[in-house]
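Q: This is the structure I have questions about; it appears just below.
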Amino acid sequence: MLQLASKLPGVGTTIFTTMSQLAHQYQAINLGQGFPDFAMHPQLIALCNKAMQEGHNQYAHMYGIMALREQIAQKVHQLYHAAIHPETQITITPGGTYALYTACTTLLQPGDEVIVFEPAYDSYLPNILVNGAKPIRIPLQYPHYQIPWLQVAAAITSKTKLIILNSPHNPTGSVLSSADIEALRQIVANTNIFILSDEVYEHLIYDELQHHSLLRYPDLLERSFVCFSFGKTYHCTGWKLGYCISSPQLMQAFRSIHQFNAFSCDTPKQVALAQYMQASTDYLELAPFFERKRNLLRKLMTNTPFVPLPSSGSYFECYSYAHFSNENDVAFATRLTKEYGVTAIPVSAFYHNATDHKVLRFCFAKQDTTLIQAVERLTALK
Ligand code: PMP
Ligand code: GLN
């Protein structure tokens, strides 16, 4: 028998795969894993087909095709007034997850400490651990899931290398404010601390709030990797294409890792996205589109005993069941799938110690009929 020591002992299978498999097995309506159940724009599909027909089928440039990087630079200039150089500051990646992993691998040395907030998107901790660094976990304040900055300041040591931020936040839908940015600025000023900012839900922000992208703040961008995903913006999570933006100095280090890993990304999709972005700014319609769906889910859920923990961003909203069941959230989510035919994600999965506030995460990136049908099933709950 071969011996293999795991670099990530005990991590098991991700909650997204586990719950999607369960949904499939019980033919439940899947409001668990975050992906739309409606079609992406046909024109983007047509452009991708066209790019293949026209022969864009060989390796792309290792930083991503220039036309796409230029479109991204223009977009972030318009949205965030950021002066980003496409040659030195943008790298196209095979998904946002890969960008996060590469940023961690670029920065982290064994023994470094990384401040990470829980609940945490599921890839952050493994990315820290696999690089031999030490997670310093700080819980977001339930039920609003805000960052306790005094606790962050107290957790800083000479070994602190990185702070990981995620806004709009998965799984809770909380959003960073300008006060958060100011608190962050004060903590990192005159230190050698870097920032990893996961902004894959940049456009999915509601209640007239503004996305505080780190791209808006040159003094913070200097020490930041900012990660994005085309999957979220163009309803094509299966395309697994994203990008990272940073300072020229940090991006050079990022690319030194990237060149020996993926090296480059899917060419026809990049060609298609560059052409599509040139002609369309339909990402500006995403906020009202998803805000309406969030409101629809919230309204429908008033017919069930669930209580919302309001979300102002992402395509998730969390709901508490604490007042009507004592079951732990994994058992409850499992029973919901098996007995009621609706799948959600137990939020304890995003805590290292399985903190259980009896909260489930529901994804509303679904057709209205899907949401209506799912909640109809949940009305049977007492
Ligand atoms: N970060 C967060 C917070 C996410 O929810 C996701 C899920 N899509 C990702 C990163 C990864 O994006 P991608 O699918 O492009 O790898
Ligand atoms: N980001 C998606 C979610 O949070 C899932 C991504 C995945 O399955 N790895 O549900």
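Q: Run lengths n ≥ 4 of DSSP H only: what is the helix-derived mean residue ellipticity at 222 nm for the chain, with -39500 (n - 2.57) per run over all residues, to the nearest 500?
A: Details: 15 runs with 145 residues, N = 382.
Result for the chain: -11000 deg cm²/dmol, rounded to the nearest 500.
Q: Roughly how many nanometres apart are two label points built 7 Å out from the Cα toward the Cβ at Gln367 and His41?
A: 2.1 nm
Q: How large is ³J(HN,Hα) for each residue in the stretch 4-20, as worked out from phi by the Karplus curve 6.51 cos²θ - 1.76 cosθ + 1.60 (θ = phi - 60°), to whole Hz, x for Gly and Pro?
A: Calculated HN-Hα couplings, in order: 9, 7, 6, 7, 9, x, x, 7, x, 9, 4, 4, 5, 5, 4, 6, 5 Hz.
Q: Follow-up. In whole percent, how big is the carbon plus sulfur part of the accessible area of the chain, probe 1.4 Å, protein atoms only? If you can, show how the numbers build up before the last one.
A: Numbers: 8900 of 16590 Å².
Taking all protein chains in place, the chain shows 54 percent carbon and sulfur surface.
Q: While we're here: Hey, any idea what Rg/Rh is for the stretch 274-382, computing Rh the Kirkwood way over Cα pairs? Mind showing how you got there, number by number?
A: Details: Rg = 15.8 Å, Rh = 15.0 Å.
We get a ratio of 1.05 for the stretch 274-382.
Q: Quick check: residue separation of Glu222 and Gln109 times 0.36 nm, minus the Cα distance between them. What number comes out in nm? Could the numbers behind the result be given before it?
A: Values: separation 113, 0.36 × 113 = 40.68 nm, distance 1.98 nm.
Length gained, Glu222 through Gln109: 38.7 nm.
Q: Still on this structure, please answer the following. Which shape class, rounded, prolate or oblate, goes with the stretch 7-49 when its Cα gyration tensor gives a ≥ b ≥ c as root eigenvalues, a/c under 1.5 marks rounded, and past that a/b bigger than b/c marks prolate?
A: On the way: a/c = 3.95, a/b = 1.70, b/c = 2.33.
Oblate shape, in that a/c is at least 1.5 and b/c is the bigger or equal ratio.
Q: Scan around Gln146 for amide H atoms under 5 Å from its own, H built in the peptide plane at 1.01 Å from N, and keep only partners 5 or more places away or cross-chain.
A: For Gln146, whose amide H was placed from the backbone, the distant partners under 5 Å are Gln141.
Q: Hey, what's the chain come to in accessible area per residue, 1.4 Å probe, Å²?
A: Values: 16590 Å² over 382 residues.
For the chain, the per-residue accessible area is 43 Å².
Q: By per-residue mean of other Cβ atoms within 10 Å, what is the highest-first order of 330-340, 356-366? Present the calculation step by step, with values, prior to reporting the outcome.
A: On the way: 330-340: 17.9, 356-366: 23.5.
Those peptides, ordered most packed to least, come out 356-366, 330-340.
Q: Something else about it: Please give the FRET efficiency for Lys338 paired with Leu4, using the beta carbon to beta carbon distance and R0 = 30 Å, rounded to the nearest 0.05. Don't jump to the answer; show the numbers that get you there.
A: On the way: r = 34 Å, r/R0 = 1.14.
After rounding, the FRET efficiency stands at 0.30.
Q: What order, most packed first, do the peptides 169-181, 370-382, 52-64 have when packing is the mean number of other Cβ atoms within 10 Å of each residue? Walk me through the numbers on the way to the answer.
A: Numbers: 169-181: 21.8, 370-382: 16.5, 52-64: 14.4.
With the highest mean Cβ count within 10 Å placed first, the list reads 169-181, 370-382, 52-64.
Q: In whole angstrom, and with the biggest value first, how far do the Cα coordinates of the stretch 114-182 range along each principal axis?
A: 31, 25, 18
Q: What number, in percent, do you get for the relative contact order of the chain if the mean sequence gap of Cα pairs under 8 Å and at least 6 apart is divided by its residue count? Walk me through the numbers before you get to the answer.
A: On the way: 722 pairs, mean separation 96.8, N = 382.
Answer for the chain is 25 percent.
Q: Follow-up question, since we're still on this one. For the chain, restrict the atom set to alpha-carbon positions and state the Rg and Dmax in Å.
A: 20.7, 59
Q: Let me ask something additional. Taking a quarter of the surface of the Cα convex hull of the stretch 110-152, what do you get in nm²?
A: Values: hull surface 12.0 nm².
Over every viewing direction, the Cα hull of the stretch 110-152 projects on average to 3.0 nm².
Q: Follow-up. Strictly greater than 24 Å: what percent of every Cα pair in the stretch 96-211 meets that? Provide the component values of the computation, followed by the final result.
A: On the way: 1407 of 6670 pairs.
Tail fraction, whole percent: 21.
Q: Bin all alpha-carbon pair distances of the stretch 1-75 at 5 Å intervals from 0 and give each bin's fraction as a whole percent.
A: Binned Cα distances yield the sequence 3, 10, 10, 12, 11, 11, 15, 16, 9, 3, 0, 0.
Q: Tell me, what ³J(HN,Hα) does each residue in the stretch 205-222 have, in order and in whole Hz, if you take phi through Karplus 6.51 cos²θ - 1.76 cosθ + 1.60 with θ = phi - 60° and put x for Gly and Pro?
A: Result, rounded to whole Hz: 9, 10, 6, 6, 7, 10, 7, 8, 5, 5, 5, 6, 10, x, 5, 8, 4, 3.
Q: Dipole of the stretch 249-301 (Lys/Arg Cβ +1, Asp/Glu Cβ -1, origin at the Cα centre): which of Tyr283, Ser264, Gln249 lies farthest to the positive side?
A: Of the options given, the answer is Tyr283.
Q: Would you grab the residues whose amide H sits under 5 Å from the one on Ile195? Only those 5+ places off in sequence or on another chain, please, with H modelled 1.01 Å from N.
A: Amide H to amide H, under 5 Å and 5 or more residues apart or across chains, Ile195 pairs with Ile163, Ser224, Phe225.
Q: If I model a spin label as a point 7 Å beyond the Cα along the Cα-Cβ vector, how far apart are those points for Glu87 and Ser177 in nm?
A: Label at Glu87, label at Ser177, 4.3 nm between them.
Q: Quick check on the chain: of the DSSP beta bridges with both residues there, what percent are antiparallel, nearest 5%? Spell out each step's value before the answer.
A: Details: 21 of 42 bridges.
Antiparallel bridges: around 50 percent, rounded to the nearest 5.
Q: Could you work out the relative contact order of the stretch 268-363, using alpha carbon pairs under 8 angstrom and six or more residues apart, expressed as a whole percent? Don't skip to the end; give the middle numbers.
A: On the way: 96 pairs, mean separation 21.9, N = 96.
23 percent.
Q: Place a point 7 Å from Cα of Ser325 in the direction of its Cβ. Which residues in the stretch 344-378 have their backbone N less than 17 Å from it?
A: Answer for the stretch 344-378: 344-349, 356-363, 374-378.
Q: Based solely on C-alpha atoms, express the radius of gyration and the Dmax of the stretch 30-150 in angstrom.
A: 19.0, 56
Q: Please list His235, His77 from largest to smallest accessible area, probe radius 1.4 Å, with all protein chains kept in place.
A: Details: His235 40, His77 105 Å².
Result of the area sort, largest leading: His77, His235.
Q: May I ask you to list the residues of the stretch 48-70 whose amide nitrogen lies under 12 Å from a point 7 Å from Cα along the Cα→beta-carbon direction of Phe263?
A: Only 59-62 fall inside the zone, counting backbone N under 12 Å.
Q: Convert each backbone phi in the stretch 162-167 into a coupling constant with the Karplus relation 6.51 cos²θ - 1.76 cosθ + 1.60 (shift: θ = phi - 60°), then list the ³J(HN,Hα) values in order as whole Hz, x for Gly and Pro.
A: Per residue, the Karplus-derived 3J(HN,Hα) values read 8, 10, 9, 10, 8, 9 Hz.
Q: Here is a follow-up. If the reach is capped at under 24 angstrom between alpha carbons, list the lysines near Lys382, excluding any in the same chain fewer than eight residues apart.
A: Excluding near neighbours in sequence, the set is Lys299, Lys338, Lys358.
Q: Can you divide the C-alpha Rg of the stretch 213-304 by 2.2 N^0.38 Å and report the result to two decimal places?
A: Compared with the compact-globule rule of thumb, the stretch 213-304 sits at 1.42.
Q: Percent relative contact order of the stretch 125-228, based on C-alpha pairs within less than 8 angstrom and at least six residues apart?
A: Working: 113 pairs, mean separation 24.6, N = 104.
Across the stretch 125-228, relative contact order equals 24 percent.
The values are calculated or read from the model by the stated rules, or taken from the named source; none is laboratory data. These figures come from a predicted structure and were not determined experimentally. Here Cβ is always computed from backbone atoms with ideal geometry, including for glycine, and neighbour counts include all displayed protein chains. Just so you know, the surface numbers come from the protein's heavy atoms only, side chains and all, with ligands and any DNA or RNA stripped out. Shrake-Rupley method; radii C 1.70, N 1.55, O 1.52, S 1.80 Å.
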